[in-house]
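S.K.: My structure is below; once you've seen it, I'll send some questions.
The values are calculated or read from the model by the stated rules, or taken from the named source; none is laboratory data. Note that this is a predicted model, so its numbers are computed, not measured. So basically every Cβ, Gly included, is an ideal-geometry build from the backbone, and we count neighbours across all protein chains shown. Note: accessible area is taken over every heavy atom of the protein model, side chains too, but ligands, DNA and RNA are not part of it. Shrake-Rupley method; radii C 1.70, N 1.55, O 1.52, S 1.80 Å.
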Amino acid sequence: MLLIKGAKIYPVIGSILDPGMILINDLGKIEAIGSTIDAPNAEIVDYTGKVILPGLIDAHSHIGIWGDGEGKAGYDGNEIPEPIVGKVNALDSVNPFQRSFAGAREGGITTVQILPGSGNPIGGLGFSCKTAGIIIDDMVIKNPTGLKGALGENPKRLHGKEFKHSPSTRMGTAALIRDYFQNAREYMIKKDEAKTRGEYFEIDLNLEPAYLVLKGEIPFRVHAHRHDDIVTAIRLCEEFGINYSIEHCTDGHLIAEFLGNKGAVAHVGPGLSSRGKVETANFTDRNPAILAKHGVKVCLMTDHPFLNCRHFLAYGAVAYKHGLSFDDTLKAMTINPAESLGIADRVGSLEPTKDADFIVLNGEPFTYTSVIEKTFIEGKLVWKRPVF
Amino acid sequence: MLAIINARLETISHGIIEDGQILMEGGIIKALGTELEIPEDAQIINAEGRTVTPGIIEPHTHIGISEQGVGWEGNDTNESTNPITPWCQAIDGVNMLDDAFQDFREAGITTVNILPGSSNIIGGTSVAVKCKQTTIVDDVVILNPSGMKASLGENPKRPYAAKPKTPSTRMGSAALLREALIKARQYLEKQNQVKSEKDLPKFDKESEALIPVIKGEIPLRIHCHRADDIVTAIRICKEFDLQYTLEHVTDGYLLVDFLKENAGHYAIGPTMHYGSKVENKDRDFRTPVYLSQAEVDFTLTTDHPVVAGQYLILTAGLAVSWGMKRDAALKSITLTAAEHIGIQSRVGSLEVGKDADLVIWSDDPLDFTTFADITIIDGQIVFTREVE
């Protein structure tokens, strides 16, 4: 048992404890949290003057699959040239030794969702994992956590322009996705019938992820920057009655009321962007605040490497600066993504029975005078700020 | 005439003036102090105790030549049809209507150096401009040419190795650079030796463009990330006794003594970016922190749009959070940046006679949640923040 005391604690769910205590058991779970905890046999660590937040959760990342510091040899994010590749899983591309994992720990990120890239209309499965470890399977929290889809510029550039096959337009991309789910719906009916009758059924690996989506077991996570791409994503998902999250949602601020009315979940990022593409031309630092104001469930994300995940907290600071409330900013980096990924029973807040994933800062977050000093996953120190 | 009163003036060159005033006329700082007589006809801004600094200066950008949100049509960064193109001038590619200029004004950035990209061994001349709202770049030039871009390492060998054409290696890159410099030096010698105009060597656009470099009138601004590229850059510049600056200097932390010894001008960055290439795999804040500890002067850069330029101040704030002194960080993006570009007689500090480029900040300029409230260039208000 480990008893953390002295620090101001933002549990995210529940009231702020100043100071508070966290009791962590030998399984790396939170045993108790409160103003005072009686644990006579516990090892005590005093963090007086420090601030503790839950480990941050990056809702959409490509760490381990995008060649951080490895050059071309490490690019394993888009399985090409087929545009519809439901059968792949980002898990099989991940290099846990890639420096981006250390970067995530440095940035206070203890949980990520790793998704395939956005080159394909259907890009494959993503999953969520912890950011410390050497065997990816041991780091997994939940697999899969979603099926990646993509609209807008990326799929039509890669396929239409480079490979000279469909999709070459936005409508072509939507048509391929529609086709895919149409096929999957028929597949689902046949598979379910075969199961009921106890008959042999031939598995189609490419359609299996769509089966999970249609069954409501995982959401469709659709890359969409431009406002009309976001609307198309929702149109498609409503046609098939499937759960979804909007990935990026860059133009969300232009259609925030529409998204709020839909009860949409948006994974917003990468923050601190330079609008590299036409579809990101309307990027604004105010996007998270505007979306939250209209009732959209906002989860911040780095899209690492497109925002270096080391600077996730700085992205939070900028979202906070531009109008997202302090509480909403913390939620957007912790409990909201935990809920979106379906892992809120384990992470996203500091509550009894949850994993003891937390970060220790030397002061309040979102200022340049305070920094993350330590990152803990399941009660174990996984990163400590080096002194330069 | 424009005056600011009740301001905390961070002059950068002459310390801090509390409760100060600053008077601007004809685009120039006419006076600053604590007991100025403000003429009756002056427009007065009451800073109400807020901090005023010189305008922020970005020493290495591709703003206007690598336009935001435009794509291929607005990308004029690299004339990568020939590895040696000293006759190209960045000014001829700058679109002052690039949205990024507005972002820069909003961020308190008043002057930028615009360089050609790094695909070529010699890419062309850079230009320093004010971030004023205009369609005519010539009207906002502060120094042209402000240098000659050169490049070592991965970038220049990549496009040509594929063609195939030299350079395909680092030694090939260095050889091409040397060859062009030798040719230009001989060309200049021939020009100096002839007695009548008819004996002048045949006009050679390449050598002609390099004469100011050979004469030491403009610096060679050399892109280098990896430690050995940094060393090669300095080796070649010493061979030809050139004025030079080093751009990026990612591995600088490995060469602290060497960089101190050579006392050059160093622009470090984009430090917030990820390890996008093998040559910058170890990118982090060690380089700025180690160099500042060794009291080596340098400036920070975002390499806009690699990291969006408006986050230059955030980058400086992060450098502080990693251990750089706060005042040194602010100096690095004002006065040292001006010195890097070679325009310190005009901008970079609040001094009588310098250009009236300054910013009124909502709080400590380096803090993550601080806004530029008012940005002034040449004594004119170019941005005022609307408070919601």
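S.K.: Report which residues of segment B:349-388 become buried by 30 Å² or more of accessible surface when going from the isolated chain to the complete set of protein chains (1.4 Å probe; DNA, RNA and ligands ignored).
M.R.: Listed by number, the residues meeting the 30 Å² cut-off are B:Asp367, B:Phe368, B:Thr369, B:Phe371.
S.K.: Considering all projection directions equally, how large on average is the shadow of the alpha-carbon convex hull of segment A:56-347, in square nanometres?
M.R.: If you wrap the Cα atoms of segment A:56-347 in a convex hull and average its projections, you get 14.6 nm².
S.K.: Right, something else. Looking at segment B:1-66, which GluC sites (Glu not before Pro) are in a loop (DSSP not H, G, I, E or B) and have at most 12 other Cβ atoms within 10 Å? Let's see the in-between values first.
M.R.: Numbers: sites: B:Glu10, B:Glu18, B:Glu25, B:Glu35, B:Glu37, B:Glu40, B:Glu48; in loops: B:Glu35, B:Glu37, B:Glu40, B:Glu48.
The qualifying sites are B:Glu35, B:Glu37, B:Glu40, B:Glu48.
S.K.: Let me ask something additional. If I histogram all Cα-Cα distances within segment B:320-364 using bins 10 Å wide from 0, what percent of pairs lands in each bin?
M.R.: Whole-percent P(r) values from 0 Å outward: 26, 47, 24, 2.
S.K.: Interface B/A, total buried accessible area with a 1.4 Å probe, nearest 100 Å²?
M.R.: Counting both chains, the buried surface is close to 3200 Å².
S.K.: Next up: Using heavy-atom solvent-accessible surface (probe 1.4 Å) with all chains present, what is the largest-first order of B:Val194, B:Val387, A:Val94?
M.R.: Values: B:Val194 45, B:Val387 115, A:Val94 20 Å².
Order by accessible area, largest first: B:Val387, B:Val194, A:Val94.
S.K.: Which value, in debye to the nearest 20, describes the size of the charge dipole of the protein assembly as shown about its Cα centre when Lys and Arg Cβ atoms bear +1, Asp and Glu Cβ atoms bear -1, and nothing else is charged?
M.R.: Values: 77 positive and 103 negative charges, 389 e Å.
For the protein assembly as shown, the charge dipole is close to 1880 debye.
S.K.: Same structure, new question: Please calculate how many Å² of accessible area the protein assembly as shown carries per residue, with a 1.4 Å probe and no DNA, RNA or ligand atoms counted.
M.R.: Result: 38 Å² per residue.
S.K.: When we measure straight from the Cα of B:Lys198, which aspartates and glutamates land under 16 angstrom away, once same-chain ones fewer than 8 places off are left out?
M.R.: Leaving aside aspartates and glutamates fewer than 8 places away in the same chain, those within reach of B:Lys198 are B:Glu189.
S.K.: Could I ask something else about it? Which percent, nearest 5, of DSSP beta bridges in segment A:56-347 are antiparallel?
M.R.: 35
S.K.: Please compute the modelled spin-label separation between B:Ala162 and A:Lys195, points set 7 Å along Cα→Cβ, answer in nm with one decimal.
M.R.: Here the modelled spin labels are 4.6 nm apart.
S.K.: Here is a further query. Once every DSSP H run of n ≥ 4 in chain B is given -39500 (n - 2.57) and the sum is divided by its residues, what mean residue ellipticity at 222 nm do you get, rounded to the nearest 500 deg cm²/dmol?
M.R.: On the way: 10 runs with 102 residues, N = 388.
The helix-only estimate for chain B comes to -8000 deg cm²/dmol at 222 nm.
S.K.: Tell me which GluC sites (Glu not before Pro) from segment B:132-227 have a DSSP coil assignment and no more than 15 other beta carbons within 10 Å of their own.
M.R.: B:Glu217
S.K.: How much of A:Phe201 can a 1.4 Å solvent probe reach, expressed as accessible area in Å² and rounded to 10?
M.R.: Here the accessible area works out near 50 Å².
S.K.: Moving on to the next point. In degrees, nearest 10, range 0 to 90: what is the angle between the Cα axis of helix A:170-197 and the longest Cα principal axis of chain A?
M.R.: 90
S.K.: Can I ask one more? Give the carbon-plus-sulfur fraction of the accessible surface of the protein assembly as shown in %, rounded to a whole number; probe 1.4 Å, heavy atoms of protein chains only.
M.R.: Working: 14340 of 29500 Å².
Its accessible area is 49 percent carbon and sulfur atoms.
S.K.: Taking a 1.4 Å probe, which of B:Val70, A:Val268 shows the most accessible area, and what order do the others take after it?
M.R.: Largest accessible area first, the residues go B:Val70, A:Val268.
S.K.: Still on this model: Which residues of segment B:51-69 end up with at least 40 Å² less accessible area in the presence of all protein chains than when their chain stands alone, using a 1.4 Å probe?
M.R.: Buried by the other chains: B:Gln68, B:Gly69.
S.K.: Same structure, new question: Counting only helical runs of four or more DSSP H residues, what would the 222 nm mean residue ellipticity of chain A come to if each run contributes -39,500 (n - 2.57) and the total is spread over all its residues?
M.R.: One gets -7500 deg cm²/dmol as the mean residue ellipticity at 222 nm.
S.K.: Moving to a separate point now. Name the residue farthest towards the positive end of the dipole of the protein assembly as shown from the options A:Met171, B:Val359, A:Ile230, assuming +1 on Cβ of Lys and Arg, -1 on Cβ of Asp and Glu, about the Cα centre.
M.R.: Going by the Cα projections, it comes out as A:Met171.
S.K.: Using DSSP to define loop residues, name the GluC sites (Glu not before Pro) in segment B:319-386 whose beta-carbon has at most 13 other beta-carbon atoms within 10 Å.
M.R.: B:Glu386
S.K.: For segment A:56-347, what is the charge dipole size about the Cα centre, in debye to the nearest 20, if Lys and Arg each add +1 at the Cβ and Asp and Glu each add -1 at the Cβ?
M.R.: Taking the Cα centre of segment A:56-347 as origin, the dipole is about 500 debye.
S.K.: Binned at 5 Å from 0, what are the whole-percent values of the Cα-Cα distance distribution for segment B:262-319, short to long?
M.R.: Going from the shortest bin to the longest, the percentages are 4, 19, 29, 25, 17, 6, 0.
S.K.: List for segment A:339-383: residues with 50 Å² or greater reduction in accessible area, all protein chains versus chain alone, probe 1.4 Å?
M.R.: A:Tyr368
S.K.: Helix A:227-240: angle to the longest alpha-carbon principal axis of chain A, degrees 0 to 90, nearest 10?
M.R.: Taking the Cα atoms of chain A, the angle to A:227-240 is about 80 degrees.
S.K.: Enter the mean projected area of the convex hull around the alpha-carbon atoms of segment B:56-347, in nm², rounded to one decimal.
M.R.: So the mean shadow area of the Cα hull is 15.3 nm².
S.K.: Next question, about the same structure. Per residue of A:270-279, how many C-beta atoms from partner chains lie within 10 Å of its own C-beta, taken as a mean?
M.R.: Mean partner-chain Cβ count within 10 Å for A:270-279: 6.
S.K.: From the protein chains alone at 1.4 Å, what is the descending order of accessible area for B:Lys277, B:Lys325, A:Lys215, largest first? Present the calculation step by step, with values, prior to reporting the outcome.
M.R.: On the way: B:Lys277 30, B:Lys325 150, A:Lys215 85 Å².
Output order, biggest surface exposure first: B:Lys325, A:Lys215, B:Lys277.
S.K.: Measure nothing but the geometry: give the 0 to 90° angle between the long axis through the Cα atoms of A:312-321 and the longest principal axis through the Cα atoms of chain A, rounded to 10°.
M.R.: Taking the Cα atoms of chain A, the angle to A:312-321 is about 90 degrees.
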